[in-house]
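Written below as structure tokens is the structure these notes are about.
The values are calculated or read from the model by the stated rules, or taken from the named source; none is laboratory data. Nothing here was measured: the structure is a model prediction, and the numbers come from that model. Here Cβ is always computed from backbone atoms with ideal geometry, including for glycine, and neighbour counts include all displayed protein chains.
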Amino acid sequence: MWLSRLPEKKGEELGFVCVPRYGTSRGSEVVEAFSRQHYVFVHAKPEVWSGARSAIRLAIGERAFWLTADVLQSLEGKTLEVVRADVGQGLQSGRFREFLVANAHDEKA
């Protein structure tokens, strides 16, 4: 299962956040890019999730995650899917990464 591959970090818990795009650069050259909104997991102390971010804790499978209200709202009526995309740009083509995206129930990735 994809979620089971997420690392654990002592004293911190995973939370689910939405990001508009992904990219890495080497100097002024963009070497990887993914321009679609997607979701990532980040580590933070439980009190950060429950306090500053006002997140709620949910379980997916055997793992617990923190979700903020804005993320929950953005997922309403959607299905999460892992997509594998070639993020390599120019000569870097052929670099694949997996992204967690949300699709409307009748939409394909």
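What the table shows:
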read-out	value
Which listed residue, of VAL101, VAL87, is surrounded by 12 or more Cβ atoms within 10 Å (Cβ to Cβ), more than 16 Å from CYS18 (Cβ to Cβ) and among the aliphatic types (A, V, I, L, M)	VAL87
Unique residue being touching a helix residue (DSSP H, G or I) at 6+ places or on another chain (Cβ under 8 Å) and either modelled with pLDDT of 90 or more or not β-branched (Val, Ile, Thr) (or both) when the list is ALA102, ALA109, ALA44	ALA102
Filtered residues of segment 25-63 (kept if loosely packed, with under 13 Cβ neighbours inside 10 Å, hydroxyl-bearing (Ser, Thr, Tyr) and over 22 Å from ASN103 (Cα atoms))	SER25, SER28, SER54
Spans of strands (runs of 3 or more DSSP E) in segment 9-109 with at least 3 residues touching a Cys at 6+ places or on another chain (Cβ under 9 Å) and either of a type in the set (D, E, K, R) or in contact (Cβ under 8 Å) with a residue 24 or more places away in the chain (or both)	38-44
Index of the failed condition, GLU76 passing every other in (1) out of contact with any helix residue (DSSP H, G or I) (no Cβ under 7 Å at 6 or more places or on another chain); (2) surrounded by 11 or more Cβ atoms within 10 Å (Cβ to Cβ); (3) modelled with pLDDT of 90 or more; (4) farther than 20 Å from ARG5 by Cβ	(2)
